[in-house]
Amino acid sequence: MAEGRRVGILGSGQLGRMLALAGHPLAVRTLFVGEEDAPPAAATARQVALAPDSPALAGALEGEVDVLTYELEHLPVDALRSLEPVAPIRPSVHALAVASDRLAEKQFLTDIGLSTAPFARVDDEDGAEAAVAQVGLPALLKTRREGYDGKGQRVVRTAQEARAAARELAVPCIAEGFVRFRRELSVIAARGLDGEVRVYPLIENVHRDGVLRLSRAPAREVSSELAARAVSLARTVLEALDYVGVLTAELFESEGGDLLVNELAPRVHNSGHWTIEGAETSQFENHLRAILGWPLGSTTTRGESVMVNLLGDVPTTPAMLAIPGAHVHLYDKEPRAGRKLGHLTFVSHADDTARDLRARLEQLPEPLRAEALSCFDATT
Ligand code: AMP
């Protein structure tokens, strides 16, 4: 095995699976760390069945990997630091520490001159009341750590509700002013070991109940000025963190056209799954290229893409494959209500791409069809 292409991934979910798959054509050998029995990454790579904070992990990885990366940000920072002598960790532990704590993240974003929703720290019930007085009502209380897909969040409309939410969540939180956004966007960018930056075009995302349902890329109605601001925002974050790898910024576009950063993900992201078929280089391959010190690939699109998440109730594989141009990705997970089990991408080169993509979504079996169409129609 050639030196320099053995990648250890902390985490064993679908992002790890797709990273490993992207590595196969490049003879990248991946090994993932996760205790779960038969996780999504299992079929694609070798598993080290230890927890990320196991004291035995450094020994198990010694001499086995050239670089370490992670596919989730909810990792114990101290444990990760103890792996630094084993192999370089990319993106850095510092990037993870910033992105895994909503308060540190928002402070960092403000410090580097980017806009966010108004925010304030909440450590207890009195603090919750003071925080919503500062950020305004309605507000969201969000746990500082471990929250994802809308979990660990409460919308509060009064000071009393803010107190109750702080009591229920019972962990350090932040309060955020409720943003009346025009739409949700994300920007995904890669930075190489030599500092080279490549940015994918803005993506428009539709969430329901805090969970991503559909992404469209490139987002429509993006002026060259807005596109340039997104690129500059991504660059600013990447450079401030001396980042190596793929990073995602989830954004709100305000009614006035401002870009507010909702959250940073120090990793490949669900809103970038369309890049597998819809861009010249996928986010997964670009992440591997970046962390291995290889040249980054083109982020140019191959048409217009729509990505639909398959949550809980998935149509049969033949029913999806019968739709022309359907790219079906299944994560090999046990079905459970609301669980992300896979995704589906369509890429269009037609003259009227919007019409063409909608016509493809119309062929999905119910209830996915109605859900996908309503999300698609909610995009600009
Ligand atoms: P998050 O877990 O922070 O990514 O939030 C999940 C979803 O909740 C976002 O994609 C938005 O749809 C919504 N959301 C989060 N924060 C806010 C906010 N400050 N104002 C309005 N909506 C929000």
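The values are calculated or read from the model by the stated rules, or taken from the named source; none is laboratory data. Please read these numbers as outputs of a predicted model, since none were measured by experiment. Quick reminder, even Gly has a Cβ in these numbers, built from the backbone with ideal geometry, and neighbours come from all protein chains shown. We work out accessible area using only protein heavy atoms, side chains counted, and drop any ligands, DNA or RNA first. Shrake-Rupley method; radii C 1.70, N 1.55, O 1.52, S 1.80 Å.
Any idea which of (1) in the same structural domain as Gln14 (by TED's automatic domain parsing); (2) open to solvent by less than 60 Å² (accessible area, probe 1.4 Å); (3) of a type outside the set (D, E, K, R) is the one Ser82 doesn't satisfy?
Going through (1) in the same structural domain as Gln14 (by TED's automatic domain parsing); (2) open to solvent by less than 60 Å² (accessible area, probe 1.4 Å); (3) of a type outside the set (D, E, K, R) one by one, Ser82 breaks only (2).
Does Gly245 count as away from the ligand (no atom under 12 Å from the Cβ) and in contact with a His (Cβ under 6 Å, 6 or more places away or on another chain)?
yes
Can you pull out the residues in region 113-131 that are open to solvent by 80 Å² or more (accessible area, probe 1.4 Å) and within 30 Å of Ala240 (Cα to Cα)?
Arg121, Asp123
Any residue at all in region 132-143 that is open to solvent by less than 30 Å² (accessible area, probe 1.4 Å), of a type in the set (S, T, N, Q) and within 26 Å of His74 (Cα to Cα)?
Yes, there is a match, as at least one residue in region 132-143 is open to solvent by less than 30 Å² (accessible area, probe 1.4 Å), of a type in the set (S, T, N, Q) and within 26 Å of His74 (Cα to Cα).
Can you pull out the residues in region 130-182 that are in contact (Cβ under 8 Å) with a residue 60 or more places away in the chain and more than 13 Å from the ligand (Cβ to nearest atom)?
Pro172
Do the conditions hold for Ala228, that is, is it farther than 26 Å from Leu140 by Cβ and open to solvent by less than 10 Å² (accessible area, probe 1.4 Å)?
So Ala228 does not fit the description; no.
State the number of residues belonging to region 183-225 that are in a strand (DSSP E or B), open to solvent by 40 Å² or more (accessible area, probe 1.4 Å) and away from the ligand (no atom under 12 Å from the Cβ).
1
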